[in-house]
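The values are calculated or read from the model by the stated rules, or taken from the named source; none is laboratory data. Quick caveat: nothing in here was measured; it's all calculated off a predicted structure. For neighbour counting, all protein chains shown are included, and Cβ atoms are generated from backbone atoms with ideal geometry for every residue, glycine included. Heavy atoms of the whole protein, side chains included, go into the accessibility calculation; ligands, DNA and RNA do not. Shrake-Rupley method; radii C 1.70, N 1.55, O 1.52, S 1.80 Å.
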Amino acid sequence: MPKLIEFDTERLCLRQWQPSDRQPFAALTADPIVMKYFPSILDRTASDALADRCESHIAINGWGLWAAELSATDEFIGYVGLSSPRLELPFLPGVEIGWRLATQFWGRGFATEAARGVLRVAFELLKLAEIVSFTSVGNLRSRAVMEKLGMKETETFDHPNIPVGNSLRRHCLYRLSLDEWMSQSQP
């Protein structure tokens, strides 16, 4: 079994999931503002199942969508990390970076800070060649984080799991290669 990866950033701890994360995560995934760019909010059963999948992925691989907490208070704020989407898309298989934070933690740079730490793990520790990220074209907040990370939009596509006619169907893909990350990380 791979070694469990957990790490800190300036203000955050990215770690394996704990039972105490389930309730605040359920509140986050039931929030229509947080879930605006997802097909639907999640009930408690679906939210717990998602948290279980995140926890299991980390246990098996050592990395995944880590629970994020404030270092100063140990308060759970959401997740940030890496996943391997199992979709039929021309740019997959690959590793995606993603985040989902409770609204009270938006606008404070937490997603960007944590995602930068995740990129360090992805490129320096896991030695991945490329990271992708994708979202609905209207999700300007997530797209701004992708751009702050140095990711470049490379294409748009229709998400196969979102019905035709749904405003969330059109997605944009961002990429960041190891070479690009290294060139922007040099002093």
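Among the residues of the stretch 5-29, just one is buried (at least 16 other Cβ atoms within 10 Å of the Cβ) and over 25 Å from V121 (Cβ atoms), namely A26. Evaluate the following for E10: is it modelled with pLDDT under 95 and in a loop (DSSP other than H, G, I, E, B)? In short, no.
Quick check on the stretch 30-81: of everything there that is aliphatic (A, V, I, L, M) and part of a loop (DSSP other than H, G, I, E, B), which residue is surrounded by the fewest Cβ atoms within 10 Å (Cβ to Cβ)? Looking at residues that are aliphatic (A, V, I, L, M) and part of a loop (DSSP other than H, G, I, E, B), I get A72.
For W106, are the conditions met, namely being of a type in the set (A, V, I, L, M, F, W, C) and open to solvent by less than 60 Å² (accessible area, probe 1.4 Å)? So W106 does not fit the description; no. Among residues of the stretch 106-119 that are farther than 15 Å from M146 by Cβ and of a type outside the set (S, T, Y), those with a Cβ under 8 angstrom from a residue that is in a loop (DSSP other than H, G, I, E, B) and open to solvent by less than 80 Å² (accessible area, probe 1.4 Å), sequence gap 6+ or separate chain, pair up as G117/T9. Within the bounds of the stretch 140-161, is there any residue that is in contact with a His (Cβ under 8 Å, 6 or more places away or on another chain), farther than 25 Å from D8 by Cβ and open to solvent by less than 10 Å² (accessible area, probe 1.4 Å)? Taking every residue of the stretch 140-161 in turn, none turns out to be in contact with a His (Cβ under 8 Å, 6 or more places away or on another chain), farther than 25 Å from D8 by Cβ and open to solvent by less than 10 Å² (accessible area, probe 1.4 Å).
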